[in-house]
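For reference, the structure discussed in these notes is given below.
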Amino acid sequence: MIARAGVLLTGCILDLLIGDPKIFYHPVRIIGSLIKGTEGILKGLAKGKGKKAEFLAGCGVVFIVTAVSAAVPFFLFKWAYGLSFKLGFALESLFCFQLLAAKGLYTESWKVGRALEKGDTENARKAVSMIVGRDTARLDEAGIARAAVETVAENTSDGVLAPLLFMAVFGVCGGFFYKAVNTMDSMMGYKNEKYLYLGRAAARLDDLCNYLPARITAGLLILAAFLLGYDGKQAFRIYRRDRYCHASPNSAHGEAAVAGALGIRLAGDAWYFGVLHKKPFIGDPVRAVEPEDIRRAGKMMFVAEALAMAVILTVFLVLA
């Protein structure tokens, strides 16, 4: 347990110092390639056999991808620890660091804010297109800033706290399991003709895995708002009111807390693949969204991560 606490702490520190280094072939890219290949094979086997066959093929993708994603690091860590504790610890810490995305999320989102502050709308639009899934061509400056804030708020759970919590409870292999599920949802969890049945299992499992992390994230973001001098009371009020204003049962929790803390309105209608999707607003427009809100959301993310790490370390020390 002390070793796991050390791995998590080392991984968090490396992520904060280094971010997403380009010199490494990121494990999530490998998982993405596994998903694509497995999906292609099983989808081909189910082709023309109806909705049930497509759903079962999707279940097969989920089983194979999660099993391989957790088993490979498990045996790799077992081999490394068999050689020496230091090697195993270093390898686990390295992978823990790569499964966290706080520094990378902040860096990429602030590229949007920096471009907006310079009045460079086109570069801001290009930068935000790298971190959101929606169409960005129609976004004005406020829409670009809003999209970046939403991404930071939502991914505080998906990219930072959820993998951290899974690693705390199940070890780094649990973090790989979570990343496999989350990546499958991002690649297959669409309600369109192609993935309505094929991606259903991945989407449902992602909802299940994110149920507790999303709500824990919201609570930590509200605490972060108080600590940073933002409007913590409003963060709690808006969270209670708007936490389900999203098609996903989990995605609006972080957004609602951030929107309330900053006194801005997020979400609303958005274009995806040329189709307008009607979505409710989250938060109240106490003031207009501005580029600095991207940085403020990033600060809330970092403080929420620090709070989570403090709780995890305390629990580990008490139980050790």
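The values are calculated or read from the model by the stated rules, or taken from the named source; none is laboratory data. Keep in mind it's a predicted model, so treat the numbers as computed, not measured. Don't worry about glycine lacking a Cβ; one is built from the backbone with ideal geometry, like all the others, and counts go over all protein chains shown. Heavy atoms of the whole protein, side chains included, go into the accessibility calculation; ligands, DNA and RNA do not. Shrake-Rupley method; radii C 1.70, N 1.55, O 1.52, S 1.80 Å.
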Can you pull the percent of segment 29-186's accessible area that's carbon plus sulfur, 1.4 Å probe, other chains left in place?
64 percent
Using amide H atoms built in the peptide plane, which far-off residues or other-chain residues are under 5 Å from Ala267 H to H?
Ile282
Once label points are set 7 Å from the Cα along Cα→Cβ at both Thr121 and His277, what is their separation, rounded to one decimal in nm?
2.5 nm
Note: Leu212 to Cys59 extended length (0.36 nm per residue) minus current alpha-carbon separation gives 52.8 nm
Any idea how far apart Arg114 and Ser248 come out in nm if each label point goes 7 Å out from Cα toward Cβ?
2.7 nm
Counting heavy atoms of the protein chains only and a 1.4 Å probe, report the per residue accessible area for segment 49-116 as a whole number of Å².
50 Å²
Can you give the calculated 222 nm mean residue ellipticity of the chain, where each DSSP H run of n ≥ 4 adds -39,500 (n - 2.57) and the sum is split over every residue, rounded to the nearest 500 deg cm²/dmol?
-24500 deg cm²/dmol
For Arg29 and Leu228, FRET efficiency with R0 = 35 Å and r from the beta-carbon atoms, rounded to 0.05?
0.55
Determine, from the Cβ-Cβ distance of Leu76 and Leu17 and an R0 of 30 Å, the FRET efficiency 1/(1 + (r/R0)^6), rounded to the nearest 0.05.
0.80
Rounded to the nearest percent, how much of the accessible area of segment 272-320 (1.4 Å probe, protein heavy atoms only) is carbon and sulfur?
71 percent
If you put +1 on each Lys and Arg Cβ and -1 on each Asp and Glu Cβ, how big is the dipole of the chain around its Cα centre, in Debye rounded to 20?
680 debye
What is the magnitude of the charge dipole of segment 1-43 about its Cα centre, with +1 placed on the Cβ of each Lys and Arg, -1 on the Cβ of each Asp and Glu, and no other charges, expressed in debye to the nearest 20?
140 debye
For segment 62-176, the charge dipole (Cβ of Lys, Arg +1; Cβ of Asp, Glu -1; about the Cα centre) points to a positive end, and the Cα of Ala127, Cys96, Leu164 closest to that extreme belongs to Cys96
Here are some pairs, Lys233/Lys279; Lys191/Lys279; Lys36/Lys103; Lys86/Lys179; Lys47/Lys194; Lys43/Lys191; which of them have Cα atoms lying more than 20 Å apart in this structure?
Lys233/Lys279; Lys36/Lys103; Lys86/Lys179
Per residue, how large is the accessible surface of segment 215-320? Use a 1.4 angstrom probe and give square angstrom.
46 Å²
Using a basic spin-label model with each label point 7 Å from the Cα along Cα→Cβ, how many nm lie between Arg204 and Arg241?
3.5 nm
